[in-house]
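These notes are about the structure you will find just below.
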Amino acid sequence: SVDSVDSVDSAPNQTSLVWAVTQARMAEHSNLTENEEEDEEEAYLCKLFGEDGRFVEFVNLTGRPVRLTSRLQMDNFSNMAWSTTIIIPEGGRHVWRFLGDSPNHSPYISMLPDPYTLARRNSYRWKVEYIDTQEEDTITFDNMEGPMRLETMQELLPGEKSQVMLRRKTCAVAPLHKLAKDAIVKVSPEHICWLEIPRTLQEQLSALSRDYQEMERSRVEPCGRCKEIHQ
């Protein structure tokens, strides 16, 4: 009968539909599983920080964005050194985390902050520079020229935090013409070549724009769970 023919024809279609739905659900489940595993891994790494860390908070009072870089050099192994770089915006701050003495860090040591005890026993220092490569002024650590060495700071106990102010050396406030350049580059970097200004100033603004573009490319977003910028 006609009904039996329709039934036979519809069977492959129903089978295909069931197969397609099954594959879609399996793919969806796979994606969810992968996302959950990524979240669990991220949370797991944050948990490895432990409760006995030490902290150094850097406050940027220069009026302009800066690049803060650490370097851990092992005294007995000249070829073993690690560096970490963090961007701190104008008026911003960054809490530099050190690991405590909790065990079981070794498998993940390259993904975690530097251990405090290890850093103090070897050579650990910070240097800071402006994102603007044309900036002539220098930056001080608590009114002292850098680099700043960890061993010269007061030793911290587990959970303690110290604070370091980053300031301009020659003047307390960034010059107005520097701030004006920052504003122009941030608002309309693509229109610099159309501004009715001297060619020399155009070149300076173009160079500053490239510096800030590099800053944006290297910017690190805070962790979605602990809200920290992982070093």
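Annotations for the structure displayed:
- Derived scalar couplings ³J(HN,Hα) [the stretch 139-155; Karplus, 6.51 cos²θ - 1.76 cosθ + 1.60; whole Hz; x for Gly, Pro]: 10, 10, 9, 6, 6, 10, 5, x, x, 9, 9, 4, 5, 8, 8, 5, 5
- Residue-count net charge about residue 140 - beta-carbon cut-off 9 Å; Lys, Arg +1, Asp, Glu -1: +1
- In this calculation the C-beta distance from residue 155 to residue 133 is compared with R0 = 25 Å, giving a FRET efficiency of 0.10.
- Carbon and sulfur %, accessible surface of the stretch 119-187 computed with the full protein complex present, 1.4 Å: 53 percent
- Less than 5 angstrom separates the built amide H of residue 228 from those of 223, all sequence-distant by 5 or more or on a different chain.
- Our coupling estimate for the stretch 127-138, obtained by passing each phi through the Karplus curve with A = 6.51, B = -1.76, C = 1.60 and θ = phi - 60°, is 10, 9, 8, 6, 5, 6, 6, 8, 5, 8, 6, 10 Hz, Gly and Pro reported as x.
- For residue 53, the residues 5 or more places off, or on other chains, whose built amide H falls under 5 Å of its own are 100, 159.
- Computed FRET value (nearest 0.05) for residue 69 with residue 176, which takes r as the C-beta separation and R₀ as 41 Å: 0.90
- Once both labels are positioned 7 Å from their Cα atoms along Cα-to-Cβ, the gap between residue 214 and residue 82 label points is 2.5 nm.
- Averaged over its residues, the stretch 120-231 has an accessible area of 66 Å² per residue, based on protein heavy atoms and a 1.4 Å probe.
- Added length on full extension, which subtracts the Cα-Cα distance from 0.36 nm per residue, residue 55 to residue 90: 10.5 nm
- Modelled FRET efficiency - R0 35 Å, residue 169 with residue 121, Cβ distances, 0.05 increments: 0.70
The values are calculated or read from the model by the stated rules, or taken from the named source; none is laboratory data. These numbers were taken from a predicted model, which means no experiment stands behind them. Glycine gets a Cβ as well: all are built from the backbone with ideal geometry, and neighbour counts include every protein chain shown. Surface areas here come from the heavy atoms of the whole protein model, side chains and all, with no ligands, DNA or RNA. Shrake-Rupley method; radii C 1.70, N 1.55, O 1.52, S 1.80 Å.
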